[in-house]
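Here's the structure we're looking at; comments come further down.
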Amino acid sequence: MLRSLQTGAIFAFQIHLELANEALAMAYSKKLLAQLGKPQGLLGRLILRRLNRVNEGMNSRTLELLALQNNDHILEIGFGGGALIAEILAKGRCARVAGVDISPLAVTQAQKRFRTDIAKGSVEFLQGGQSDLPYPESSFTKICCVNVIYFWTDLSSMLFEVFRVLKPEGILILSYAEGAPNKLARFPAAEVEAKLAEIGFDNMCTVDGHDIENGTYHCTSAKKPN
């Protein structure tokens, strides 16, 4: 009888421990997801560095699809650690480059990293990009977003904002993993293209990729009609 009680107590303790560990993991996941969406503090600095590595494959494909031209005015929404902005600037072809990010830390870090380019007037960084964009209508010829659409609280509203600040015949490149970081939401390319068409974009085209960091990902381009 005593052995049965001891066995039951041990089993109950193991269950309690497993539940506690699961709760801790969930809390950690929520904290990490919040940092991915809006890096801040010391952990945010580490996240920004990590994002540059995670996004490497998507950034390369996005840069290729942007097909930069000398008269381009480029905006990256959610530039994170600034790796793609650095590649765009290295090409030296664009008339204007800008980045917006919801994270004040990302903006501050970028302003430090690119201070020479900012002084030359080659690039600017502003906070924003969650529900609106701090630019007037028809400001950019091309806009790109890499691994950020999962963090927009209202996808339709943000896409309308993108549509607004794009020039007629401007191009949007959306790069995103099929599975969101929270492991719950999914972003099939067909559904993203349908949403873009609903907003008013046309000429949608998606190319697929795969890497260890993101699994299957998509790069969807769309055009704002004239």
* **Solvent-accessible area, 1.4 Å probe, carbon plus sulfur percent, for region 52-177** => 47
* Going through region 129-185, which GluC sites (Glu not before Pro) have at most 12 other Cβ atoms within 10 Å and a DSSP loop state? -> Glu137
* To do: Hey, can you grab everything whose amide H is under 5 Å from the amide H of Ser139? Only 5+ residues off in sequence or another chain; H modelled, so Pro and N-termini drop out.
  => Leu166, Lys167
* To do: Take every Cα pair under 8 Å in region 147-226 that's 6+ residues apart, average their separations, divide by the length, and report that relative contact order as a whole percent.
  => 37
* Structure fact -> Computed ³J(HN,Hα) along region 183-193: with the Karplus parameters 6.51/-1.76/1.60, θ = phi - 60°, integer Hz and x for glycine or proline, the list is 6, 10, 6, 10, 10, x, 4, 4, 6, 5, 4
* Rel. contact order, % - alpha carbon contacts under 8 angstrom, at least six apart, region 85-226 -> 19
* Out of region 174-226, which trypsin sites (Lys or Arg not before Pro) are coil in DSSP terms and have no more than 10 other C-beta atoms within 10 Å? -> Lys183
* To do: Would you mind listing how long region 119-226 runs along its three principal axes, going by Cα atoms, in whole Å with the largest first?
  => 37, 33, 24
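The values are calculated or read from the model by the stated rules, or taken from the named source; none is laboratory data. From a predicted model like this one, the values you see are computed outputs, not experimental measurements. Ideal geometry is used to build each Cβ from the backbone, glycine not excepted, and the neighbour counts take in all protein chains shown. These accessible areas exclude ligands, DNA and RNA; they are computed on the full protein's heavy atoms, side chains included. Shrake-Rupley method; radii C 1.70, N 1.55, O 1.52, S 1.80 Å.
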